[in-house]
Structure formats: structure tokens, C-alpha cells
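Data block below; observations after.
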Amino acid sequence: MASDLCQAILVAKLEKHKNLFLNYRNLNHFPLELLKDEGLQYLERLYMKRNSLTSLPENLAQKLPNLVELYLHSNNIVYVPEEIGNLKDLQTLDLSINRLVTLPEKLHLCHSLQYLTVDRNHLWCVPRHLCQLPSLNELSMAGNRLAFLPLDLGRSRELQFVFVDNNIHLKGLPSFLYNKVIGCSGCGAPTRVSEMKLLCFSSGQLSVFLPAEVKSIGASTDYVLPLQELAMRTVYNAFYVFLKDLDFLSPISLPRSLLELLHYPLGHCHRCSQPMFTIVYPKLFPLRETPMAGLHQGRTTVSFVAYCCSTLCLQTFDLLS
């Protein structure tokens, strides 16, 4: 088997193949032959389905700079290096049926990425940086352990297909996904109230999981925002007025962690697009009120959740208008 593998890689190098099929090879480690010399510079599609890989090499982007599609379906991958962000031309990434607990933060640097599939892993959260992917059209995360989704997910016009079926703890979808093609069957299984934060709405008391970054949750009776939130919003707006001039906001004038946070707020108001950093005003819309109702009637308790920046936006925002 080893000799056959080496021969296949050698032929691909000599003949400058654009496609390489290494499925069902019983691979425990990423083949070093793929990373030697410069012979696979022309490779665009790499298929490594149904092996036993546990990780990816950090120099993968450097050695395979023209890679467009990478298929790693059905392996034992537990870790994807941050250097995946250096696969600049990558358009399709399939990591379904592996053992991932989280995704690399720098995946959002893959600006050409259009299709990301991570079905049937062990993901419990999704980096909010993924909302910044400019070309992402389809995102599939079915069969994981997700309890919430990034507040901005779906804000991009490019993202049109989102599938989160069979995430039993997922009870809320960002309302930016309204009118997108979504799949959420098997979500919203009942959980104990003590395990989640409560949101109060005019329609009664409902419960959904919220991202841990939300430090406080506004209610319709709150009219004063925390000083930290006001400061962050003010600096954020000034930051973009000055076209992200790092001399205007140097690490000396602002702690580095806060400076980086300005690039990726927790979310944006669904009513006015104001950035939000520590506090949100949530408003819930049952799925039955949307065009997707007929597809999920009786099979899910998932609802859309709008996140607003103030009581004014909370009171005036209507998902259906």
C-alpha cells in the first residue's frame, strides 16, 4: 500500500495533476511525500476521504498553494491548524465526520471559501469570525453539539444556505437567517431551565442559549447602557471613520485585546446595524411565523432571535415587515 501511495503521488508530481485521489488508503498520518519539494504546485483538488488522519500539517498552504478543494470526510481529525487561513484560493473544505471540538479562528482569512461542511463532529460553538467570510455561500454544521450560533451569522448576502439539523441544544437562530435556505430539523430538544439564561419577551418567558461573551442581557425596561458598551461603540465608529488607521488607535492607547475586538464585534443590531460588544436586547420570533414553517411543523422548537442594540430598536423591529 505504501509503495502504491508513493507511486500515485510521484505520478501526480511528474504529470502536474490538478486532482489527486487518496481515499480509502488507511492513512494514519498526512503523507510526507505530498509536502516534499515543489512538485505539487499545480494541485487544485485533494481527496482524502475515509482514512484515519488525526491532524493536518501546518505548512499545507505553503506546499499546496493552489489548492481549491480539500475533502477530508470521515477521518479522525481533532485539530486543524490556524495556518489553514493561508489557503487563500481554497473554495471548498469538507471536514465532515471527524472529531473536531472547535474550528480555527483564522479560518475566516480564507477569503475564497464558498462551501464549508463540518457535519457530525463535536463542535459546541462556531467562531464569530466566520461571519466575516466574504464568499461563503453554504455552511453545513449538522449533527454537532451547538447550543448557539454567532449573532451575525447570515448578515452577509453571500451566505444563502445554512444547515444545523440535529443539534439538540440549539433553540435559537439569528434572525439574519430569515429568508435564507435553512435546515434545523431535530433541533430544540427540551433542556432544564437552570442550564440556560432566560430571556423575557412580551409574549412570555422563553429560553435559549446565548454566547458566553454576552455579559448582560437587556430587557425592555433598561434604558441605560453600561459604560463599557458605550465606550466600545464610540471607539468602533471612530475607528472606521479613520479607515482603520492603527496610528489612531495604537496598542499604547488601547489594550491589544480590545483593539482586536474592534475588528469583530459580538454582533450588529438587526434593526439599525449598530455594533454590539457586551449587551444585547433579544427579541424572539417563532419559526411558525416564517416561510420555513411548513417544512418544520411539529419537528422542531427552534425560533429566530433578533438581537437589538437598544430598547428603541427592540420595540420597532419586526422580522416580518
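Bear in mind these aren't lab numbers, they're just calculated from the coordinates by the rules spelled out. Everything numeric in this text was worked out from a predicted model, so none of it was measured. Glycine gets a Cβ as well: all are built from the backbone with ideal geometry, and neighbour counts include every protein chain shown.
Summary of computed values
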| item | result |
| --- | --- |
| Cα-projected label distance for Leu312 with Thr278, points at 7 Å along beta-carbon direction, nm | 2.2 nm |
| Estimated inter-spin distance, Leu10 and Gln62, nm [label 7 Å along Cα→Cβ] | 2.6 nm |
| Charged-residue dipole, Cβ positions (Lys, Arg, Asp, Glu), the stretch 1-159 about Cα centre, Debye nearest 20 | 280 debye |
| The stretch 1-104: Cα Rg divided by the 2.2 N^0.38 Å rule of thumb | 0.99 |
| Under 12 Å, Cβ to Cβ, from His17 - net charge with Lys/Arg +1 and Asp/Glu -1 | +2 |
| Pairwise Lys count, the stretch 13-110 - Cα closer than 18 Å, eight or more residues apart or different chains | 11 |
| Sparsely packed GluC sites (Glu not before Pro) within the stretch 50-135, loop by DSSP, other Cβ within 10 Å at most 16 | Glu58 |
